[in-house]
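Report on the following structure.
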Amino acid sequence: MSDQPILAVLGAGSWGTALAALAARNGVPTRLWGRHAGALADMAATRRNQRYLPELELPPQLAYEPDLATAVRGATIVLIVVPSHAFAEMLDELVPLLDTGANIAWATKGFEPGTGRFLHELVGEKLPGRAAAVITGPSFAREVAAGMPSAVTVHSESNAFAQQLAALLHAPNFRAYSGSDVLGAELGGAMKNVLAVATGVADGMQLGLNARAGLITRGMNEMLRLGVALGARPETLMGLSGLGDLVLTCTGDLSRNRRLGMALGQGVGIHEAVAQIGQVVESVVTVDEVMRLADKHSLDLPISRGVRAVLHGEVTPAEGLKALMAREQKPEYPQGLFGSH
């Protein structure tokens, strides 16, 4: 049996397509699966994902497989790239299909809706005994597809699997680091979407660069305090999966979550704003789970709480900002970096 890994990428949106193309160009036998057989057939015929990444010419060696069982048969690594609300269902479909030796990775950012559980917890519950890894970091799919310099990090409790997966993705313009703090890497990738809505609102209201910088910095503080309460390592959150992804998502106009915030700040209603974006906006679901975890650990996260109030229509963006600015004056770190605020 050959030692060459076989990769099955599940999810033919922008990020799944970009990662599948990257791996295929690196010489990894790669199959791309999606729920819409017609779209996959068009991709095979035109070597373009016309809906999500029309500018990317897909490599000729990339295979397209509309049947899930066929896509994962014989695969040694199954990479899931579906929205967080569809993640558990995807795992359930895989339970009877995976080969014994297949390991699991995901590039999905978020939590299980309604429970606040991390995605690695779902993998451990539904597909136990397999090496598992998360791929995350500051990486817009469009820029990765265009070959622009990008960096991600791969975290797994199995150092060997993290390093294997990072090596498969590593390319001249795509750096892949590795680590072992799965929880911290997942928290950074999920929570930055919530904080990007806040900076988007501020930019939509034309509040200036000072306000944006303040929100990013205080948002990073919220991420760190929640992370430490959950057992994440601070250095993980200060790295690519936390600070790196936060800066990108809060400042880059390719961010769907930032664009949602900007629309809200300009007076557009939440449903209309999501419809205009036309793709899944993770923060709409993720904000409730972030606050569920914060409440569980008795943490006051004013920016995240304000985003939840705005997304639920409880306050207007202007009222949410007023509430933030009306908070009492206090030391920046009253009890050290991770003290109660």
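Structure notes:
- Residues in region 1-60 that are hydroxyl-bearing (S, T, Y), under 29 Å from G101 (Cβ atoms) and touching a strand residue (DSSP E or B) at 6+ places or on another chain (Cβ under 6 Å): T17, T30.
- Any hit, region 295-305, residues being farther than 19 Å from M205 by Cβ and in a helix (DSSP H, G or I): yes
- As for region 109-128, it holds at least one residue that is free of Cβ contacts under 8 Å to residues at least 60 places away in the same chain, open to solvent by less than 20 Å² (accessible area, probe 1.4 Å) and in contact with a Lys or Arg (Cβ under 8 Å, 6 or more places away or on another chain).
- Cβ-Cβ contacts under 6 Å between residues 6 or more apart (or on different chains), taken from a first residue in region 190-217 that is under 25 Å from V134 (Cα atoms) and open to solvent by 10 Å² or more (accessible area, probe 1.4 Å) to a second residue that is aliphatic (A, V, I, L, M) and at pLDDT 95 or above, are listed as K192/L246.
- Only residues that are outside any strand (DSSP E or B) and open to solvent by 60 Å² or more (accessible area, probe 1.4 Å) were counted across region 151-182, and they come to 9.
- Here K322 meets the list (1) open to solvent by less than 80 Å² (accessible area, probe 1.4 Å); (2) at pLDDT below 90 almost entirely, failing just condition (1).
- Checked across region 298-308, the condition of being farther than 16 Å from G219 by Cα, open to solvent by 30 Å² or more (accessible area, probe 1.4 Å) and either hydroxyl-bearing (S, T, Y) or at pLDDT below 95 (or both) holds for at least one residue.
- When A151, A211, A167, A162 are checked against the criterion of being modelled with pLDDT under 95 and more than 20 Å from G11 (Cβ to Cβ), A211 stands alone in meeting it.
- Filter result for T316 (without any contact (Cβ under 8 Å) to a residue 12 or more places away in the chain and within 16 Å of G200 (Cβ to Cβ)): yes
- Matching residues in region 1-26 - criterion: being in contact with a helix residue (DSSP H, G or I) (Cβ under 9 Å, 6 or more places away or on another chain) and either of a type outside the set (G, A, S) or at positive phi (or both): P5, L7, V9, L10, G11, W15, T17, L19, L22, N26
- You will find that of E289, E222, the residue that is among the acidic types (D, E), touching a Ser or Thr at 6+ places or on another chain (Cβ under 9 Å), assigned to a helix (DSSP H, G or I) and modelled with pLDDT of 95 or more is E222 and no other.
- Residue within region 101-112 that is of a type in the set (S, T, Y) and under 30 Å from D288 (Cβ atoms) present: yes
So that you can scan it fast, the table gives a plain yes or no per residue for (1) within 24 Å of T286 (Cβ to Cβ); (2) among the small types (G, A, S); (3) in contact with a helix residue (DSSP H, G or I) (Cβ under 6 Å, 6 or more places away or on another chain):
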{"site": "Q163", "(1), (2), (3)": "no, no, no"}
{"site": "A166", "(1), (2), (3)": "no, yes, no"}
{"site": "A176", "(1), (2), (3)": "no, yes, yes"}
{"site": "G189", "(1), (2), (3)": "yes, yes, yes"}
{"site": "K192", "(1), (2), (3)": "yes, no, yes"}
{"site": "A196", "(1), (2), (3)": "yes, yes, yes"}
{"site": "A202", "(1), (2), (3)": "yes, yes, yes"}
{"site": "G208", "(1), (2), (3)": "no, yes, no"}
{"site": "I216", "(1), (2), (3)": "yes, no, yes"}
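- The set of residues in region 38-57 that are without any contact (Cβ under 8 Å) to a residue 24 or more places away in the chain and among the hydrophobic types (A, V, I, L, M, F, W, C) comprises A44, A45.
- E235 among the charged types (D, E, K, R), surrounded by fewer than 19 Cβ atoms within 10 Å (Cβ to Cβ) and in a helix (DSSP H, G or I): yes
- Complete set of residues in region 246-286 that are in a helix (DSSP H, G or I), surrounded by fewer than 18 Cβ atoms within 10 Å (Cβ to Cβ) and in contact (Cβ under 8 Å) with a residue 24 or more places away in the chain: V247, T251, I270
The values are calculated or read from the model by the stated rules, or taken from the named source; none is laboratory data. Bear in mind the structure is a predicted one, so any value in this text is a computation, not a measurement. Here Cβ is always computed from backbone atoms with ideal geometry, including for glycine, and neighbour counts include all displayed protein chains. Heavy atoms of the whole protein, side chains included, go into the accessibility calculation; ligands, DNA and RNA do not. Shrake-Rupley method; radii C 1.70, N 1.55, O 1.52, S 1.80 Å.
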